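**Student:** What follows is a single structure, and I will ask about it in a moment.
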Amino acid sequence: MTSRLDVLNSWVQEVAQLTKPDAIHWCEGSEAERRELEALMVERGELLPLNPQTHPDCFLHRSHPSDVARVEHLTFVCTRHADDAGPNNHWMEPAQAHAKMDALFAGCMRGRTMYVVPYCMGPIDSPYSRCGVEITDSPYVVANMRIMTRMGSPALARIEREGRFVRGLHSIGELDPERRFIMHFPEELLIQSYGSGYGGNALLGKKCHALRIASWQAREEGWLAEHMLIVGIQNPEGQTHYVAAAFPSACGKTNLAMLIPPETHPGWKVWTVGDDICWLHPGPDGRLYAINPESGFFGVAPGTSRKTNRNAIDTLGHDAIFTNVAVTADNRPWWEGLSDEHPAKDWQGRDFDPANGPAAHPNSRFTVSMRQCPSFTPEADNPRGVPISAIIFGGRRESLVPLVFEARDWKHGVLVGASMASETTAAATGAVGVVRRDSMAMKPFCGYNFADYFGHWLSFGERLTRLPRIFHVNWFRKDADGKFLWPGFGDNLRVLQWIIARCKHEVGAVETPIGHLPRHEDLDLRGLEHLGEAVGKLLAVDTKGWRREADEIGEYLAGFGDRVPSELREEHSRLRARLC
Ligand code: GTP
Ligand code: SPV
Ligand code: MN
């Protein structure tokens, strides 16, 4: 009898013939399997147990020093037509990409075990979820996939039922930056990644599947795959509003997703649904519904502390994997911003010496199940998703961009998202702190032409009868001394509070050329009286600066040529006219 798993079985055989592993292990996701893999990695020195008293079942992984972040210049979308990938992606002709990858994969698993990792992105029983299978020769990848996705037997059972899954082939290869490629073949629902063991390059369920391939599928099927956190914000009356927010890498999603309200706001509570990826579907009532396809956090360590993100610290007390952090003398994980303590060893295992730079790598990360987070809500397992009241875009901009503004309507909101820009961070290799356009925080992750993506976003103006409102925030304004003007973190709730009041038609706004801003007195700033004049700066609209910004946005959109929807160009013209 033929089974729906035959396709999977024959692909696994085909990959084994190409890569020549010593053994094949089908992952079931059990606790016993986890322990076996951990023991193997500890024996090989790939995992170092951390202090069992303070951090039971936690491990440190030190990656190859040249393999610490996503590699956007080595990431390709391989569609038949280059225009389908668009100027926002690196493109390679599929046959050429296949030849290149086949040559790299040939015999690469000799002496290694090949792991077959079935996984489900999203609640196992949700119609919105999608399955994949990652084949990898890295047990570290398996251990991370087990936390980040619903991995193992239940996913395999769903694949057997549906017969449809995204194929991902990964090998760490030689960890040689010269032999490193992350290839996507959206037309074949195929991902091939070689030469890196780092998160976004190697955990193929995450950015490769849940964003690049899924965004392609979402466009064909009428939904959205986004680089967004999802949170529920409960007010003192007990009502919860869900919002989704897109900020570029290392720009505050995890922190906003786990926000603890300031002491001035008793009765408020923030519930975490997701911290990085959001799949949005039009629901039966004409609203937009969100699921988090992931089941864990792969979060930035530096800057995380009891003061800035207590929920993250409380999540990380046990069963966590730390990658490229430093350690204290008593073998606890440590990073810049965690405490005033002195680390003993840096991320490369050397005795700590400030002359060598930060003790923890600026892109050091933790992997941990979202279920351990004190603010986790079981709504994250709701197969129908949660209804979204507001969409928030945001970036890291030290000047010009106000603390918060609201788009005039959906079309203007799409322009606001498409126009986003942010200072680059250590999440990807390359220069840090350079302002670049990052539409909807999807520049590194949209699996197709941004011009078509903007059109797809616009189409939801018709698809939905109850549209979420769209906002833009910026927590990162700085004063002349380079200090942040806004306290950020827990105090960001005050901005969310205004956003929700807007959604409920409870508060007014000032109309400006760039959108609607809160009046000073509309923001609940009790306890922040010391901010003084900073508030005025945070809420000012510098028309001259925005004229320049609008011109740059115009040039950016023109870079996508005629494919840019005329509606978006008209929206931009209206913005430019309002700024005259
Ligand atoms: P990815 O996982 O790369 O997609 O990043 P992310 O968007 O989840 O970023 P994350 O929340 O991990 O924050 C990245 C860095 O920004 C950390 O060092 C945080 O401490 C810092 N950060 C987050 N929120 C704020 C804020 O409101 N104000 C300031 N000043 N820094 C913040
Ligand atoms: C990001 O870079 O946006 C991340 C980390 O969330 S990674 O999984 O490496 O993409
Ligand atoms: Mn991310």
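**Student:** Treating the angle as unsigned and between 0 and 90°, give the value, to the nearest 10°, between the Cα long axis of helix 493-503 and the longest Cα principal axis of the chain.
**Tutor:** Around 70 degrees separate the two axes.
**Student:** What do you get for Rg/Rh over region 445-580 if you use C-alpha atoms and the Kirkwood form of Rh? Write down the numbers at each step before the final one.
**Tutor:** Values: Rg = 17.5 Å, Rh = 17.5 Å.
With Rg and the Kirkwood Rh in hand, the quotient comes to 1.00.
**Student:** Given R₀ = 35 Å, what would the calculated FRET efficiency be for residue 125 paired with residue 73, taking r from the Cβ atoms and rounding to 0.05?
**Tutor:** Numbers: r = 39 Å, r/R0 = 1.12.
E between residue 125 and residue 73, to the nearest 0.05, is 0.35.
**Student:** In whole angstrom, how far apart do the alpha carbon centroids of region 157-185 and region 96-139 sit?
**Tutor:** 3 Å
**Student:** Please report the base-10 log of the normalised intensity I(q)/I(0) for the chain, using a Debye sum with one equal scatterer per alpha carbon and no solvent, at each q in 0.07, 0.09, 0.12 (1/Å).
**Tutor:** Calculated log10 I(q)/I(0) at the listed q: -0.40, -0.67, -1.23.
**Student:** Angle check, please: helix 153-162 long axis (alpha carbons) against the longest principal axis of the chain (alpha carbons), in degrees 0 to 90, nearest 10.
**Tutor:** 80 degrees
**Student:** Right, here's the next one. Work out the FRET efficiency for residue 576 and residue 22 from their Cβ-Cβ distance, taking R0 = 60 Å, and round it to the nearest 0.05. Walk me through the numbers on the way to the answer.
**Tutor:** Numbers: r = 62 Å, r/R0 = 1.04.
Given R0 = 60 Å and the Cβ-Cβ separation, E is 0.45.
**Student:** Pop out the ³J(HN,Hα) list for region 417-428 in order, Karplus 6.51 cos²θ - 1.76 cosθ + 1.60 with θ = phi - 60°, rounded to Hz; leave Gly and Pro as x.
**Tutor:** After applying 6.51 cos²θ - 1.76 cosθ + 1.60, I find x, 5, 8, 3, 9, 7, 6, 5, 10, 6, 5, 10 Hz.
**Student:** Work out how far the C-alpha atoms of region 356-450 reach from end to end along every principal axis, then list the three figures in whole Å, largest first.
**Tutor:** 48, 37, 31
**Student:** Here is a further query. Can you give the calculated 222 nm mean residue ellipticity of the chain, where each DSSP H run of n ≥ 4 adds -39,500 (n - 2.57) and the sum is split over every residue, rounded to the nearest 500 deg cm²/dmol?
**Tutor:** Numbers: 16 runs with 155 residues, N = 580.
Computed ellipticity for the chain at 222 nm equals -8000 deg cm²/dmol.
**Student:** Can I ask one more? Over region 316-414, one equal point on each Cα, no solvent: what is log10 I(q)/I(0) by the Debye formula at q = 0.11, 0.16 Å⁻¹?
**Tutor:** The computed values of log10 I(q)/I(0) come out as -0.62, -0.89.
**Student:** Can you list the HN-Hα couplings for region 356-362, worked out from phi with the Karplus curve (6.51, -1.76, 1.60; θ = phi - 60°), rounded to whole Hz and with x for Gly and Pro?
**Tutor:** With coefficients 6.51, -1.76 and 1.60, one gets 8, x, x, 5, 9, 5, x Hz.
**Student:** If we count GluC sites (Glu not before Pro) as exposed when they sit in a DSSP loop and have at most 12 other beta carbons within 10 Å, what is the longest stretch of the chain that avoids them all?
**Tutor:** On the way: sites that count: 237, 263, 341, 506, 533.
With a cap of 12 other Cβ atoms within 10 Å, the longest stretch comes to 1-236.
**Student:** For region 297-368, what does the accessible surface come to per residue with a 1.4 Å probe? Please give it in Å².
**Tutor:** Details: 2840 Å² over 72 residues.
With the other protein chains kept in place, region 297-368 gives 39 Å² per residue.
**Student:** Using only Cα atoms, figure out Rg for region 297-368 and give it as a multiple of 2.2 N^0.38 Å.
**Tutor:** Details: Rg = 11.2 Å, N = 72, 2.2 N^0.38 = 11.2 Å.
Rounded to two decimals, the normalised Rg is 1.01.
**Student:** How many percent of Cα pairs in region 165-279 exceed 18 Å?
**Tutor:** Working: 3987 of 6555 pairs.
That fraction is 61 percent.
**Student:** So if I restrict to the alpha-carbon atoms in region 253-400, what is the Rg, and what is Dmax, the biggest pairwise distance, in Å?
**Tutor:** Radius of gyration, then largest Cα-Cα span, for region 253-400: 17.8, 59 Å.
**Student:** To the nearest 0.05, how large is the calculated FRET efficiency for residue 7 and residue 314 if R₀ is 60 Å and r is the Cβ-Cβ distance? Walk me through the intermediate numbers first.
**Tutor:** On the way: r = 43 Å, r/R0 = 0.72.
Between residue 7 and residue 314 the formula returns 0.90.
**Student:** Here's something else I'd like to know. Using only Cα atoms, tell me the angle between helix 94-105 and the longest principal axis of the chain; keep it within 0 to 90° and round to the nearest 10.
**Tutor:** Rounded to the nearest ten degrees, it is 50.
**Student:** On the protein heavy atoms, probe 1.4 angstrom, tell me the percent of accessible surface of the chain carried by carbon and sulfur. Before the final figure, lay out each step's value.
**Tutor:** Working: 11030 of 21730 Å².
Solvent-exposed carbon and sulfur of the chain make up 51 percent of the total.
The values are calculated or read from the model by the stated rules, or taken from the named source; none is laboratory data. Owing to the predicted nature of the structure, the values given are computational and were not obtained by experimental measurement. Cβ atoms come from the backbone with ideal geometry, glycine included; neighbour counts cover every protein chain shown. Note: areas computed on protein heavy atoms with side chains; ligands, DNA, RNA excluded. Shrake-Rupley method; radii C 1.70, N 1.55, O 1.52, S 1.80 Å.
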